[in-house]
Amino acid sequence: MLDFPDISASRSSVKEFASSNPFFVCVISHTETSEIPGLTVAGANPELVKYTAPADSEFLYYGRCKCIEGVPATPDGKPTPALITRAALKSAGIPLLVVEAGTKVKPSIPCIPLGIGPGKNITRENAMTMSDVEKTFEYCSMLGRELAKASDLVAVGESIPGGTTTALAVLSALGIDARFKVSSSMPENPHYLKNQVVTTALQRTGSCRSAFEAVSLVGDPMMPAVAGIASGVMGAGGKVLLAGGTQMTAILAILKDMGSRMDNVCIGTTTYVARDPSSDLEGLVGSISPKVPVFSCDLHLDQSKKPGLQAFARGFVKEGVGAGGAAISAMLKTKGQIDGKMMMAFIEQEYEISIERPSVT
């Protein structure tokens, strides 16, 4: 009998997404919208934001970074959620693939490059060309179909600073009221700044006729990549776990607009996003498709001995790099033998190795 005491579920049983061979994909990307001061703390300073996604992906592979010294962190030193993702994937032996979808800095890792540029600042110009949106979705749909041959559950995470703002913009362009509902990497969610950015962008672009047009005008390159992978996996009969927070509701909106079936997809995140009083993941998902369940895992980081990890439970960062979905995937693969407290121990071990006594090699 399967038992998952540290996974909370809405609208569905987590057992419906049980898998003995999950596969984890991380899409890394960049949007110049993230360079607007005050939108994100994904990077020790605004100049380092462009290194966040490639550094996250390098950390997943090596346990250290090559494009920057140290580990990606917030301005006051709280570590990247990639640390959680790496610990989760290692603990259950889950395979990893990185897709590079328009980063400013290219990572030094084996990955699949899509050959597109970073997203533009949506307050000033269109995020992407329509041809790049279509190409990205097509390539990633083909990738998703191949992944479905190797795994019955593909978890897809992302690393893109500023992604909740572009998600808000796409949701708004598609007529979904997402104001004051998207999450933030900061305890004090900058809703008014996000709303101002989105208002400016939509005044510039006008109305949208389709999800692809919305992504092209006010989205980011991560969106057609993740949506494409999800569409390909589901089209081949597989199941998809969108590993992330409120950014993933924009992916759901894209899939729905395209007429995709919504019974083989779920969202998996941390309790730090699911219970965040400054956002409404559950409400956003319900407004897009009542069929889609939201799973959240308790990693018990409030009980951690490490102050840097306790910060996640206090509202800093909360999620990213597919952290919650990776942890849920590990729990699913091990049929609950790895629970939240055991996962916390793995995360603390990774913290000690990479943060407290990093290798000099």
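The values are calculated or read from the model by the stated rules, or taken from the named source; none is laboratory data. Note that the structure is a prediction, hence the values are computed from the model and not measured. Note that each Cβ is placed from the backbone with ideal geometry, even for glycine, and that neighbours are counted across all protein chains shown.
If I filter segment 54-64 for residues that are part of a helix (DSSP H, G or I) and either in contact with a Gly (Cβ under 7 Å, 6 or more places away or on another chain) or acidic (D, E) (or both), do I get at least one hit?
Scanning segment 54-64, I find at least one residue that is part of a helix (DSSP H, G or I) and either in contact with a Gly (Cβ under 7 Å, 6 or more places away or on another chain) or acidic (D, E) (or both), so the answer is yes.
For segment 249-282, which positions are of a type outside the set (A, V, I, L, M, F, W, C), assigned to a helix (DSSP H, G or I) and closer than 30 Å to E138 by Cα?
Residues satisfying the conditions are T249, K256, D257, E282.
With the structure loaded, tell me whether E58 is farther than 14 Å from F24 by Cα, at pLDDT 95 or above and either of a type in the set (D, E, K, R) or surrounded by fewer than 19 Cβ atoms within 10 Å (Cβ to Cβ) (or both) or whether it fails that test. Don't jump to the end; show me each part of the working.
Values: farther than 14 Å from F24 by Cα: yes; at pLDDT 95 or above: yes; either of a type in the set (D, E, K, R) or surrounded by fewer than 19 Cβ atoms within 10 Å (Cβ to Cβ) (or both): yes.
Yes, satisfied.
Within 20 Å of T31 (Cβ to Cβ) and modelled with pLDDT of 95 or more: which single residue out of V105, V154 fits that description?
After ruling out the rest, the residue left standing is V105.
Within segment 147-192, take every residue that is part of a helix (DSSP H, G or I) and more than 17 Å from the chain's Cα centre (by Cα) and give me the one that is farthest from F212 (Cα to Cα). I'd like the intermediate steps shown before the answer.
Going through segment 147-192, the residues part of a helix (DSSP H, G or I) turn out to be 147-150, 163-173, 191-192.
Add one more test, that the residue is more than 17 Å from the chain's Cα centre (by Cα), and what stays is 147-150, 172-173, 191-192.
Values: L147: 23, A148: 24, K149: 27, A150: 28, S172: 14, A173: 11, H191: 25, Y192: 26 Å.
Among those that are part of a helix (DSSP H, G or I) and more than 17 Å from the chain's Cα centre (by Cα), it is A150.
Of the conditions (1) under 30 Å from E213 (Cβ atoms); (2) surrounded by 18 or more Cβ atoms within 10 Å (Cβ to Cβ); (3) among the β-branched types (V, I, T); (4) modelled with pLDDT of 95 or more, I94 satisfies every one except a single condition; which number is it?
(1)
Restricting the search to segment 300-338, which residues are part of a loop (DSSP other than H, G, I, E, B), closer than 22 Å to I160 by Cβ and either among the small types (G, A, S) or at pLDDT 95 or above (or both)? Steps first, answer last, please.
Step one: filter segment 300-338 for residues part of a loop (DSSP other than H, G, I, E, B), giving 300, 304-306, 314-322, 334-338.
The next check asks that each one be closer than 22 Å to I160 by Cβ; those that pass are 315-322.
Answer for segment 300-338, where residues must be part of a loop (DSSP other than H, G, I, E, B), closer than 22 Å to I160 by Cβ and either among the small types (G, A, S) or at pLDDT 95 or above (or both): G315, G320, V321, G322.
Can you name the residue in segment 283-298 that is among the hydroxyl-bearing types (S, T, Y) and not in a loop (DSSP other than H, G, I, E, B) and is also surrounded by the fewest Cβ atoms within 10 Å (Cβ to Cβ) among such residues?
Among those residues, the one meeting the criterion is S287.
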